[in-house]
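For reference, the structure is listed below as structure tokens.
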Amino acid sequence: MSIIILAIAGSVLSTLYRQTTEGGFDERLNVYLTDLVSDLAVPGPFDRKEIAVTAEPRFDLPLSGWYWQVARTAGDAEIRTSRSLFGGQLAELPTVPGDSPGAIRKAYIAGPDERQLRTIERVIDLAEEGSYRVTVAAPADEIDAETRRFGITLAITFVSLGLALAIITLLQVRFGLRPLVRLRGAVGDVWRGDAARIEGSFPKDIAPLADELNVLIEANREILERARTHVGNLAHALKTPLSVILNEAAANGGPLADTVRVQAAIMRDQVNYYLDRARAAALAGALGSITEVVPVIEGLQRALERIYRQRDIAITTTVPAGIRFRGERQDFEAMVGNLMDNACKWAESRVELRAELEVSGERSLLVVTIDDDGPGLVTEARSEVLRRGRRLDESKPGSGLGLAIVVELAGLYDGSLKLEDAPLGGLRAVLTLPAT
């Protein structure tokens, strides 16, 4: 925008300067014209009058571009010219409608040598002597050269001004926006979990924004904490009556007790599923929720090795140090724990887990791969086991909600779960989650 403004200003100034230069040049020619009119007004025959412009010697140089001409307007068109015309004549300027008698006319015409001439002309009425047309012309090159010099000077000045403005603007942006860059970095620290709130001092214009962001962060944490508390209270309120119903059904035999026990168990599984889903939905968007992967994997490995000690399942894990999951620890434990537990249930002797960090565009992804050497699963059946409550084999314990919970939790974090063939011969689960 500044460049456009400078260009328009330069064009306007150049036009005004040319008009000013042209006006000054015309005033100079008018002085010479007045000198000729004075000589012409002296009484006497036209051919004997001393008509000349002594102040400008270039009127005597042949084809110098400086010319004057005096001619009768009626009758015998007698003409007197400057020596510089060298036998040539100047063309009459066109009459402009509305010109008053004796008005000075100005125009550009071509001279004897085809040079562009700036010309002024005036008709003088000498009563009994008649009317005369007095013309003075000079090269327009001087006007063009003067305007060109001004244009070059103006261009250099405006280019320098533009560069100065660009440098000043760059410095203003670089140093003036530095507090905003620091604020952005502080918000990024909160988002990555490196800080609990925005810290640091900011200018008075930005400090209120930082304070409001801190208030928003605290309000978000309070809302999520209340949601977690409510979900926990609801879980306790529902699980206790269900436990009582199950205990009573176990203590009393009969078909009714069996039916109550089965349905109560289904209710408990469904309650656990939806409570876990509600809790994860409330916490998935929590700012600053970061989980170290290595401690969680090691804890799950130790727990599953104890649970499946009698089957002698070998669990090996490969997790680089420093990998972090962008989300709640409980959700990560639920997702990876379900997948590792499912692999241990079906494995013959080996379960392998590998975690690695991948970069996709501007996103960092945590990819957890879990393989087992069990019987595997045909391709057609894999989508079925990911559906809520769908089980293909009732011989293994569980409600059939584990993989569905993993799918929904991963989806809440904009992640995914895929089932593939494992190199060990069984099933491979590939869990993709956001990382830092």
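The values are calculated or read from the model by the stated rules, or taken from the named source; none is laboratory data. Not measured: the values here are computed from a predicted model. Quick reminder, even Gly has a Cβ in these numbers, built from the backbone with ideal geometry, and neighbours come from all protein chains shown. In case anyone asks, the SASA skips ligands and DNA or RNA and just uses the protein heavy atoms, side chains included. Shrake-Rupley method; radii C 1.70, N 1.55, O 1.52, S 1.80 Å.
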Test Arg133 against the criterion of being touching a strand residue (DSSP E or B) at 6+ places or on another chain (Cβ under 7 Å) and either open to solvent by 70 Å² or more (accessible area, probe 1.4 Å) or modelled with pLDDT of 90 or more (or both), and give yes or no.
no
Is there a residue in region 50-66 that is exposed (fewer than 13 other Cβ atoms within 10 Å of the Cβ), farther than 14 Å from Leu29 by Cα and at pLDDT below 85?
yes
Taking region 301-340 on its own, how many of its residues are open to solvent by less than 20 Å² (accessible area, probe 1.4 Å) and closer than 23 Å to Ser416 by Cα?
10
Determine if region 260-271 includes at least one residue that is under 20 Å from Arg324 (Cα atoms) and modelled with pLDDT of 75 or more.
no
Select from region 341-368 the residues that are over 39 Å from the mean Cα position of the chain (by Cα) and open to solvent by less than 70 Å² (accessible area, probe 1.4 Å) and list them in ascending order.
Asp341, Asn342, Ala343, Cys344, Lys345, Ala347, Ser349, Val351, Glu352, Leu353
From the list Leu377, Leu409, which residue is at pLDDT 75 or above and closer than 14 Å to Leu339 by Cα?
Leu409
Given Ala186, Ala196, Ala219, Ala140, which one is within 30 Å of Phe325 (Cβ to Cβ) and buried (at least 16 other Cβ atoms within 10 Å of the Cβ)?
Ala186
